[in-house]
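**Student:** Submitted below is the structure of interest, expressed as structure tokens.
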Amino acid sequence: MISAEITIIPIGTSDTGVSEYIAAAVSALDDVGIKYKINGMGTVMETNNPEKLFTAIKAAHEAVFMKGAKRVATSVKIDDRRDKEKTINEKVSSVKEKL
């Protein structure tokens, strides 16, 4: 299972608020059909298909330009575990059990 986190920062906008740009990025993820969870600092995705992951990242990045941003900074972290299936929820539960 591949887990990835993206953080997209629109630059060159007329306002300090960015939620409309992030909403466009998340809508692009819906169009790709990848499983995701948003949080206050980024979006975590999971899939078994690397091509789908990279398609989703590109779609989210491009959606922010389409919304009108002049510059977009996108950070990506990928955890590609192939020895066993571990979902995002299972990873969180594992940590909580140890607390």
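Please treat every number below as a calculation from the coordinates, not as lab data. Worth saying up front: this structure is predicted, and the values here are computed from it rather than measured. Here the Cβ positions follow ideal geometry from the backbone for every residue, glycine too, while neighbour counts run over all protein chains shown.
**Student:** Which lysines have a Cα less than 30 Å from the Cα of LYS98, not counting those fewer than 8 places away in the same chain?
**Tutor:** Within reach: LYS35, LYS37, LYS77, LYS84, LYS86.
**Student:** Given a 10 angstrom Cα cut-off, can you work out which residue in ASN48, ASN89, ASN39 is the most mobile in a GNM of the chain?
**Tutor:** In this elastic network of the chain, the residue with the biggest mean-square fluctuation among ASN48, ASN89, ASN39 is ASN89.
**Student:** So how many Å³ per residue does the convex hull of the Cα atoms of the chain work out to?
**Tutor:** Numbers: hull volume 9.3 nm³, N = 99.
Spelled out: Cα convex hull of the chain, divided by residues, is 94 Å³.
**Student:** Could you tell me the calculated FRET efficiency between SER14 and THR74, based on Cβ-Cβ distance and R0 = 22 angstrom, to the nearest 0.05?
**Tutor:** 0.60
**Student:** Which of the aspartates and glutamates could a cross-linker span from LYS52 if the Cα-Cα distance has to be under 19 Å and same-chain partners fewer than 8 positions apart are dropped?
**Tutor:** Here the aspartates and glutamates satisfying the reach criterion relative to LYS52 are GLU5, ASP30, ASP31, GLU62, ASP79, ASP80, GLU85.
**Student:** Now for a separate question. Could you size up the charge dipole of the chain around its Cα centre, putting +1 on the beta carbon of Lys and Arg and -1 on that of Asp and Glu, and report it in debye to the nearest 20?
**Tutor:** Roughly 220 debye for the chain.
**Student:** Of ILE34, ILE57, ILE22, which is the most mobile in a GNM of the chain whose springs link Cα atoms less than 10 angstrom apart?
**Tutor:** Greatest mean-square fluctuation among the candidates belongs to ILE34.
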